[in-house]
Amino acid sequence: MTMYHDYFSSAINKLHDEGRYREFADLKRITGNFPKATWYGPDGTREVTVWCSNDYLGMGQHEKVLGAMHQALEETGAGAGGTRNIAGTNHYHVELEAELADLHGKQAALLFNSGYLSNLATLSTLSMILPDVVILSDALNHSSMIEGIRAGRSDKMIWKHNDLEDLEAKLETLDHDRPKVIAFESVYSMDGDIAPIGKICELARKYNAMTYIDEVHAVGMYGHRGGGITDRDGVADQVDIIEGTLAKAFGVMGGYITGSNEIVDAIRSYASGFIFSTSLAPVLAAGALASIRHLKQSGEERRLQHLHADMLRNKLAALDLPVVFGDSHIVPVMICDPVLCKSLTDALMEDFGIYIQPINYPTVPRGLERLRLTPSPLHDEAEMDKLVAALHELWTRFGLKRAKAA
């Protein structure tokens, strides 16, 4: 067993040597006081401000969401009892799928336990159902999409990120009647850039391809009803499969796909990631249902979030901190060194009570390490000023390069 122990130790030591060993902060979020959390650190507990949560709108603590979950807990108990094929579909699953289909203007929806699983299961199953399919994948697609394509073992082509000319060049090489799926995201989570969805759909129609879009960083955040970038741009009807998550802007947990009755029924019937997984707990489905219904009718959370993201970018740029100006709610600040990134975030936590997890390889390419800031409607200007002042001080302390906004 000593030999095996050495293999594992060597793997961990390699991460330490490269400066990208990940440590998890022991946090407990404080209900009713978002974005505050209690940090269980080496010297005891301390209140900190979280600046990197994917609970983009603070809906994980919204009174409607919590109320719905309390009610469902009393009605149905804690768990789902098994897979939907064996234990039965809970009525909250039925209601939530109907709400999600309506959100995206589709005929049907299917729930999964996470956004990762919905991508993995659906993309791999498409390769099973579509004969001799080729999947054309954007170069910056999420790991879950890459793993789903890989698991399907179909032919694949990787096209340059958001590059329509490269996508068309690859489509031109394929037989018109051969099944094809263009797989891409709407908002890319690390840089915050947005895909040209309408133009991608035009190419799909021209070359007889299906379209599959990951909207996990956009649902709840964009569009009149929170349906994502496809909702905002009025192109949801042009996309064949829209995938999303319940764990970010909606503040709960779970993933899903939406599409035509035939597509969703086929995935439901063939995807092992759905068939053999215990279904989402009804209490989670109830919370997500309440969150979606609220955000369909309320745009105030979205308005404040985008206002605060713009405000934060401008405050960082005013001090020549290397913030990336993008079109989305994600605010990256570039450090480009894994060791310095970790040291700076440690100092933010210990000296200023600010929690930001360093982003390094493999989440981003080596040399593009960064802070990924996600201001919410509940991060007020005073909190922003504290963050910017802390970063200004630490940039000087660590001798980091300042730069005009990228």
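The values are calculated or read from the model by the stated rules, or taken from the named source; none is laboratory data. The shown structure was predicted, so the numbers you read here are calculated from the model rather than taken from an experiment. Don't worry about glycine lacking a Cβ; one is built from the backbone with ideal geometry, like all the others, and counts go over all protein chains shown. Just the protein is used for accessible areas: all its heavy atoms, side chains included, with ligands, DNA and RNA removed. Shrake-Rupley method; radii C 1.70, N 1.55, O 1.52, S 1.80 Å.
So the values come out like this:
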{"item": "Residues that are in a helix (DSSP H, G or I), open to solvent by less than 50 Å² (accessible area, probe 1.4 Å) and either of a type in the set (Ser, Thr, Tyr) or touching a Ser or Thr at 6+ places or on another chain (Cβ under 8 Å) (or both), drawn from region 200-249", "result": "ILE200, CYS201, ALA204, ILE229, THR230, ALA236"}
{"item": "Pair list, Cβ under 6 Å, 6 or more apart: region 270-286 residue in contact (Cβ under 8 Å) with a residue 12 or more places away in the chain, other residue exposed (fewer than 15 other Cβ atoms within 10 Å of the Cβ) and among the basic types (Lys, Arg)", "result": "none"}
{"item": "Residues located in region 59-91, provided they are part of a loop (DSSP other than H, G, I, E, B) and surrounded by 20 or more Cβ atoms within 10 Å (Cβ to Cβ)", "result": "HIS62, ALA80, ARG84, ASN90"}
{"item": "Residues located in region 151-167, provided they are open to solvent by 10 Å² or more (accessible area, probe 1.4 Å) and in contact (Cβ under 8 Å) with a residue 12 or more places away in the chain", "result": "ALA151, GLY152, ARG153, SER154, ASP155, LYS156, MET157, ILE158, LYS160, HIS161, ASN162, LEU164"}
{"item": "Of the criteria (1) open to solvent by less than 20 Å² (accessible area, probe 1.4 Å); (2) of a type outside the set (Ser, Thr, Tyr); (3) farther than 26 Å from LEU140 by Cβ; (4) not in a helix (DSSP H, G or I), which one PRO375 fails", "result": "(3)"}
{"item": "Condition met for VAL94 (open to solvent by 10 Å² or more (accessible area, probe 1.4 Å), in a helix (DSSP H, G or I), at pLDDT 95 or above and among the β-branched types (Val, Ile, Thr))", "result": "yes"}
{"item": "Given (1) closer than 15 Å to VAL50 by Cα; (2) of a type in the set (A, V, I, L, M); (3) open to solvent by 10 Å² or more (accessible area, probe 1.4 Å); (4) without any contact (Cβ under 8 Å) to a residue 60 or more places away in the chain, index of the condition MET349 fails", "result": "(4)"}
